[in-house]
Amino acid sequence: MAVVRGEFTSRFGFLMAATGSAVGLGNIWGFPTNAASNGGGAFLFTYLILTFALAYPALMAELIIGRYARANAVTALKTISRGPKSRLLAIAVGFVGILTVSLILSFYAIVSGWMIAFFFDPLARFLGMDGVAQWLTEDAELRNSIFVTLFMILTVFIISAGVRDGIEKWASRMMPSLIIILILLILYVLTLPGAMDGLRVYLVPDFSRVANPQLLVDAMGQAFFSLSLGVGTMLVYGSYISKQENLPTLGGLVALLDVGIAVLAGMLILPAMYVALASGVEIFDESGGLIAGPGLIVSVLPALFNSMDSVGMFVAMAFFLLMTIAALTSSISMLEVPVAYAIENHGVERRNAAITIGSVITVISLILVFNFNPLFDLVVTYTTEYSQPLLGLFFCIFVAWIWRRDDILQEIKQGCPEAEAGFFWKIWPFYVKFICPLAILAVYFQS
């Protein structure tokens, strides 16, 4: 018997889910420092252009494949294949995508667990539980194991409820909450000493650096990978979109929302870092660059919050709630990729699939926790610098070189009858066939 597939019930639900997938922890802490290290406003300018000129076409490739096939990544790529060789390639790309996204989630869950622990830290200090507060902020294997497991339980709980009652329901709640918390934190931080210095570093452009090859590669990488491209998350979400929806418009809105939240994150993180500098907190590493990544979140900003006296508790809790929400909206999209495959190709009931696969990924996370130094960076490098760019390349190859052009156009026209005469159809096929693969290869070889 055919599996009854879920579907997003509203455009708003899809937008919140897809934007939540794109807006993760790396987007919030990585984008601002990336911008500050590459000419401030010059990076923003370049990033905006590349997002809509290159990353948006690649995003559309995944959404169109997904909605056409109404299936997981493995089945969808096989559906648009045209012979035995391309079908074998489809199976390989699909399974490597499932493996890659599972490994990404395994290390992502560790960092996300830190966010939950730091959320409880100010509350413990407020209640006078200093020993508990110290334990929550120490990088210990027991703490990491507990909070990794807790985070994965939350992720499995949401995925188990399905597309409408799980992904759409919770994304529609969490994403508006994320945006509100983000804006409130920005308004508060901008009132503090040093904030304007950070804002200037972030927004004032150094256009002499626009032609810098490193800036172009960094902006291109940020544009591609902040939109969750290459591992099948957007393809699976695309498979849950109604046939009546206008895909070019939906894809454009996802890209616009992702860019908007990334820009807002920069207006929080960079001013907050310079507020920390004004408070005596070190924000530069040994090479003179701004501290980025997990170090920014678990050292620089907590030190700032601790210097704020009583109000620091509320600011810290709001910030780490923001980070936890961002983590969850991304993790549910990652877990849905292997769960969708198990449901559709092996007939596994959704709840059992979510629990089983979630448990396996949790075990992998725990292995990383107890072997952090030799394995963590290795897994991060393999998935994000090697596997993900190549998968993005193969998605472009499938949609531009293997799939029949007429089938693509007919799929787009279902929700956009005038598509053939529109600007999108005149530009997109060329971009996804030539420009996007070259751009992805440029990022790959630079990495």
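The values are calculated or read from the model by the stated rules, or taken from the named source; none is laboratory data. Remember, predicted model here, so these are calculated numbers, not experimental data. Note that we place each Cβ from the backbone using ideal geometry, even for glycine, and neighbour counts take in every protein chain shown.
Scan segment 364-411 for residues that are surrounded by 15 or more Cβ atoms within 10 Å (Cβ to Cβ) and closer than 21 Å to Pro84 by Cβ and jot them down. Of everything in segment 364-411, those that are surrounded by 15 or more Cβ atoms within 10 Å (Cβ to Cβ) and closer than 21 Å to Pro84 by Cβ turn out to be Phe394, Phe395, Ile397, Phe398, Val399, Ala400, Ile402, Trp403. The helices (runs of 4 or more DSSP H) found entirely in segment 143-259 that carry 2 or more residues being free of Cβ contacts under 8 Å to residues at least 40 places away in the same chain are 169-189.
Within segment 340-366, the set of residues being farther than 15 Å from Ile104 by Cβ and among the hydrophobic types (A, V, I, L, M, F, W, C) comprises Ala340, Ala342, Ile343, Val348, Ala353, Ala354, Ile355, Val363, Leu366.
For segment 189-245, the set of residues classified as surrounded by fewer than 17 Cβ atoms within 10 Å (Cβ to Cβ) and of a type in the set (Ser, Thr, Tyr) consists of Thr191, Ser208, Ser242, listed by residue number.
Conditions tested, residue by residue: (1) surrounded by fewer than 23 Cβ atoms within 10 Å (Cβ to Cβ); (2) touching a Lys or Arg at 6+ places or on another chain (Cβ under 6 Å); (3) assigned to a helix (DSSP H, G or I); (4) modelled with pLDDT under 95.
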{"site": "Met308", "(1), (2), (3), (4)": "yes, no, no, yes"}
{"site": "Val311", "(1), (2), (3), (4)": "yes, no, yes, yes"}
{"site": "Ala316", "(1), (2), (3), (4)": "yes, no, yes, yes"}
{"site": "Ser331", "(1), (2), (3), (4)": "no, no, yes, no"}
{"site": "Leu335", "(1), (2), (3), (4)": "no, no, yes, no"}
{"site": "Tyr341", "(1), (2), (3), (4)": "no, no, yes, no"}
{"site": "Val348", "(1), (2), (3), (4)": "yes, no, no, no"}
{"site": "Asn352", "(1), (2), (3), (4)": "yes, no, yes, no"}
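Listed by position, the helices (runs of 4 or more DSSP H) inside segment 360-421 whose residues that are at pLDDT below 95 and of a type in the set (Phe, Trp, Tyr) number at least 3 form an empty set. Do you know which residues across segment 12-29 are at pLDDT below 95 and either of a type outside the set (A, V, I, L, M, F, W, C) or surrounded by fewer than 19 Cβ atoms within 10 Å (Cβ to Cβ) (or both)? The answer is Thr19, Gly20, Ser21, Gly24, Gly26, Asn27.
Being assigned to a helix (DSSP H, G or I) and either in contact (Cβ under 8 Å) with a residue 24 or more places away in the chain or touching a Phe, Trp or Tyr at 6+ places or on another chain (Cβ under 9 Å) (or both) is a description that applies to Cys436. Of all residues in segment 118-146, which are among the acidic types (Asp, Glu) and loosely packed, with under 15 Cβ neighbours inside 10 Å? Of everything in segment 118-146, those that are among the acidic types (Asp, Glu) and loosely packed, with under 15 Cβ neighbours inside 10 Å turn out to be Asp130, Glu138, Asp139, Glu141. A residue that is of a type outside the set (A, V, I, L, M), under 28 Å from Val231 (Cα atoms), within 19 Å of the chain's Cα centre (by Cα) and outside any helix (DSSP H, G or I) occurs somewhere in segment 286-293. Close Cβ contacts (under 9 Å, 6 or more residues apart or on different chains) running from residues in segment 273-284 that are closer than 18 Å to Gly30 by Cα to residues that are crowded, with 17+ Cβ neighbours inside 10 Å and of a type in the set (S, T, N, Q) comprise Met273/Thr33.
The single condition from (1) at positive phi; (2) among the small types (Gly, Ala, Ser); (3) at pLDDT 80 or above that Ala219 fails is (1).
Taken across segment 33-43, residues that are modelled with pLDDT of 95 or more and among the polar types (S, T, N, Q) do not occur at all.
The criterion of being under 23 Å from Glu168 (Cβ atoms), at pLDDT 95 or above and crowded, with 23+ Cβ neighbours inside 10 Å holds for Thr155.
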